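Everything below concerns the one structure shown next.
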Amino acid sequence: MENNLFGKSIIGIENFSPEDIRLVLKTAAEMKKIIRGKVKKLTNLKGRAIINLFYEPSTRTRTSFELAGKYLGADVVSINTGTSSIVKGESLRDTLRTVEAMGVDAVVMRHKAEGAADYASKVVKPIIINAGDGAHAHPSQALLDLFTINRAKGRLAGLKVAIVGDILHSRVARSDVFAMTKMGMDVHLAGPKTLLPRFFEFDGVTVHENIEDAIKNADVVNVLRIQLERQQAGLFPSPREYARIFGINEKRLRLAKDDVLILHPGPQNKGLEISNDLTYCENSAIHDQVQNGVAVRMALLDLTLNGGE
Amino acid sequence: MNGKNWQIQRAEATIHGATIIRGGRVIDPANNIDKVADILIIDGKIAAVEQDIKFEPHYSFNAVGKIVTPGLIDMHVHFREPGQEAKEDFVSGSKAAVAGGFTTVATMPNTSPAVDNSALVRSMVSRAKEVGIINIKIIGALTKNRKGEELAELRDMISAGVVAFSDDGNFDSNARIFMNALDYLHDTGKVVICHEEETSLVKDGVMNEGKRSAMLGLKGRPTVAEDIAVARDVLLAEYTGGHVHIAHISSGRSVDIVRQAKKRGVKVTAEVTPQHLTMTDDLVNPADTSTKINPPLRSKKDVEEVLAGLLDGTIDMIVTDHSPHAPEEKDREYIYAPSGFPGLETSLGILLTDLYHENKIDLNTLIAKMTCNPAKIFGLNAGTLTVGTPADITVIDPSLEWTVEEKNFYTRGSHSPFVGRKLKGRAVATIVGGNLMKLL
């Protein structure tokens, strides 16, 4: 397969072709074998330097990228924005130029501002890997979701996926939608109307105000995290009511196919968007997602920095 | 100013004595004039507009093939004095105005501190005189510190010389205070210019709410926020008999609200910017903050309806909403960048290229929206070529092709979304009070 990702920044799924996505999934499958092996150290990125620049708190994505880089043999440094010059008011451009001057090959970046990764890719030369920019995109999450679904179901095209919860504020939902529709999946979004983006009209996407309609006969249900501050902002009246009407529980999930796959990008609010029993049930792939995340991120780093050779 | 392709050059000895603008197509909508004629200027005033004036003064400007209009007026600029001179000041702003063909501008009071008292108005009026490149009119804040809580000393500011009032940048959420302002100003004839976006609906929003914002994940500023505000203020104008002027209208629905109100005889007028007439939210790219403005760039449908409103007279005039910011302020994340970009130097070129040359508007209508209409609404002694009035004149080459380049800007602002545009038509000379400045 031809690698079109070599030397490119990963900003959003919008720029991926279906072939690019297939290449990432194929490469990730190889990487997953490494992770499961005893000696998790390759030399693909030996001598390369990667910096994790996270402006927002993150446990799994940051650690996942950090391990991915280390498993591939790169030197990985994570900047803690709370103790860096960023708190002294340094601009994003200056911070990026500073890390560029130190000679890094890639910057894995998470930022609150939509478009921050794209901006970064325009102001510095190192490859930028978007690890989440506001509500815009989280491409590695979408790719790991596809990887997880593909491994469980053996295919992607034709599957019905329900993405439920806070679609409006979710970069995961946006990246999933564009990744999944590219692969021919039938995407259904649902949540209270206050948490659904208006004018979200894209081919292959159906928006529901009713959870049951979305999860009916679904092959996959991806449950998004509900941040408690959304309630304070007046978007829903109470966590209790949200859980009752929109939460995913065993009863509601019976509407989906028997072999439905449950995904959640984490961290979960148990009893709010998802009931506790579902996390560890046999249909849940929530913990597979975490391991697959490392594999997919190894694939992305290898394909962009090393050409996947 | 080294390295600019365009330079303002003052013609020799044009202030005192006589100057003649020869052979241009004179368009003076207020006087229903559209003919080839010479304009004679004596002692800074228009002395004659006639064909083949025989008198040969010591300075003559050849305007054959050009369009000669009353000096352009822009009732909505931010010159950032006092307090924000890194963005712009009266000198840099005035030069930008001259480069764009504008001879009169009115400055918005959202400065630091806000222009909300007569002492500050007096100092601004005297500063405008001291700079003296163009005519700068001062708009005073409607409420103290533009907070919408207490009326500013409006009549003191009138005595000090304000041309209008506005809390531009903010919507006055408190309807009682706003209604009081209309009542209090009722007998003065002063117009209140309103920034129309219901605050609670645009909080945190950075672009139009639509398919593009849904895709990008950027928070939206819905058109309904503008529509609600316009509807409220139109109704308050109708109820009080006050005069409300809708700033930078951008929503098609709002245009219709103004249209219906005008039919009922409500004292409401409206303005629109070149950007809201020519650009849509599809152009928003979060890695480039130049498109971040309030109200935001709207949908194609809104743009079409706003243009229809301009053509049918619902929208009275065109303004730039010239809003310069220092380059480092705009060079950052979209959600953190301040809103606005400098518009004085691109307005005429954009309007000629995207509207006139596309046969969407005729020259007489376009010129009226930039000259006599604002002058009439705001009571300015400007906007016409009537004999005896100050010789504020703009000479336009409608077919001159040029490219918008930041290095040629006189404004301190940067990040114009029009940078790189190839345009057809621009001002080639700007005359203020008889003082002719050539734009080479």
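Some points to look at:
- Value of [θ]222 nm, deg cm²/dmol, for the protein assembly as shown, DSSP H segments ≥ 4, -39500 (n - 2.57) each, nearest 500: -9000 deg cm²/dmol
- Converting phi to 3J(HN,Hα) with the Karplus coefficients 6.51, -1.76 and 1.60 and the offset θ = phi - 60°, region A:240-252 yields 4, 5, 4, 4, 5, 8, 10, x, 9, 10, 4, 4, 5 Hz in sequence order, with x at every glycine or proline.
- Across region A:139-286, the volume of the C-alpha convex hull divided among the residues equals 94 Å³ per residue.
- Of A:LYS38/A:LYS70; B:LYS66/B:LYS438; B:LYS95/B:LYS267, pairs whose Cα-Cα distance is over 23 Å: B:LYS95/B:LYS267
- Computed log₁₀ I(q)/I(0) - Debye formula, equal Cα scatterers, no solvent, region B:124-226, q 0.11 Å⁻¹: -0.46
- Cβ-to-Cβ counts within 10 Å put B:LEU151, B:LEU344, A:LEU278, A:LEU228 in ascending order as A:LEU228, B:LEU151, A:LEU278, B:LEU344, the fewest first.
- Computed from point charges on the beta carbon alone (+1 for Lys and Arg, -1 for Asp and Glu), the dipole magnitude for chain A about its Cα centre is near 700 Debye.
- Environment charge of B:LEU154, counting only residues whose C-beta is closer than 14 Å and scoring Lys/Arg +1, Asp/Glu -1: -4
- 5 angstrom amide H check on B:ILE139, placed H, neighbours 5+ away: B:THR107, B:VAL163
- Subset of A:LYS216/A:LYS251; B:LYS292/B:LYS369; B:LYS360/B:LYS424 violating a 19 Å alpha-carbon distance limit: B:LYS292/B:LYS369
- Taking the C-alpha atoms only, the angle from helix B:252-263 to the longest principal axis of chain B is near 70 degrees.
- Under 16 Å from the Cα of A:LYS122 - aspartates and glutamates, other chains or at least 8 residues apart: A:ASP94, A:GLU100, A:ASP105, A:GLU114, A:ASP133, B:ASP288, B:GLU328, B:ASP331, B:GLU333
- Evaluated at q = 0.19, 0.21, 0.28 Å⁻¹: base-10 log I(q)/I(0), Debye formula over Cα of region B:335-396: -0.86, -0.96, -1.19
- Over region B:141-186 - Rg/Rh using Cα atoms and the Kirkwood inverse-distance radius: 0.93
- Axis of helix A:18-36 versus longest Cα principal axis of chain A: the two differ by about 80°, to the nearest ten degrees.
- The phi-based Karplus calculation (6.51 cos²θ - 1.76 cosθ + 1.60; θ = phi - 60°) puts the 3J(HN,Hα) values of region B:52-68 at 6, 5, 6, 4, 10, x, 6, 10, 10, 10, 7, 10, 4, x, 9, 10, 10 Hz, whole numbers, x for Gly and Pro.
- Two-decimal log10 I(q)/I(0) for chain B, as the Debye equation yields it once each C-alpha is a single scatterer, q = 0.13 Å⁻¹: -1.14
- Set of aspartates and glutamates with alpha-carbon distance to B:LYS54 below 19 Å, sequence-local pairs under 8 removed: B:ASP38, B:ASP43
- Rg/Rh ratio calculated on Cα atoms of region A:7-111 (Kirkwood radius): 1.00
- Over all pairs of different C-alpha atoms, chain A has a mean inverse distance whose reciprocal, the Kirkwood radius, equals 19.7 Å.
- Relative to the longest principal axis of the Cα atoms of chain B, the long axis of helix B:118-131 lies at roughly 30 degrees.
- Amide H partners (placed H, <5 Å) of A:VAL207, local residues excluded: A:LEU189
- Pair B:VAL36, A:LYS33: separation of 7 Å Cα→Cβ label points (nm): 8.4 nm
- Karplus 3J(HN,Hα) series, Hz, for region B:75-87 with 6.51 cos²θ - 1.76 cosθ + 1.60 (x for Gly, Pro): 7, 8, 10, 10, 9, 6, 8, x, x, 10, 5, 5, 7
- Local electrostatic count, A:ASN4, Cβ distance below 12 Å [Lys/Arg +1, Asp/Glu -1]: -1
- Residue pairs, from the table B:LYS147/B:LYS330; B:LYS262/B:LYS300; A:LYS46/A:LYS182; A:LYS153/A:LYS182; A:LYS8/B:LYS330, whose Cα atoms sit over 28 Å apart: A:LYS46/A:LYS182
- Shown here for region A:228-292: GluC sites (Glu not before Pro) in loop regions (DSSP other than H, G, I, E, B) with at most 16 other Cβ atoms within 10 Å, namely A:GLU282.
- Look at the alpha carbon pairs under 8 Å that are at least 6 residues apart: their mean separation over the length of chain B gives a relative contact order of 22 percent.
- Given chain B, longest segment not containing exposed loop trypsin sites (Lys or Arg not before Pro) (DSSP; at most 12 other Cβ within 10 Å): B:265-440
- Expressed in Å, the radius of gyration and Dmax of the Cα atoms of the protein assembly as shown are 30.0, 100.
- Nonlocal amide H pairs with B:HIS415, under 5 Å, H built at 1.01 Å: none
- Stokes-Einstein D in µm²/s, Kirkwood radius over Cα pairs - region B:216-265 at 4 °C with 1.567 mPa s viscosity: 112 µm²/s
- Chain B: most fluctuating residue of B:HIS357, B:HIS76, B:HIS243 per GNM, C-alpha cutoff 10 Å: B:HIS357
The numbers here are math on the coordinates, done by the rules we state, and not lab data. Just so you know, these numbers come straight off a predicted model, no measurement behind them. Reconstructed Cβ throughout: ideal geometry from the backbone, glycine too, with neighbour counts over all protein chains shown.
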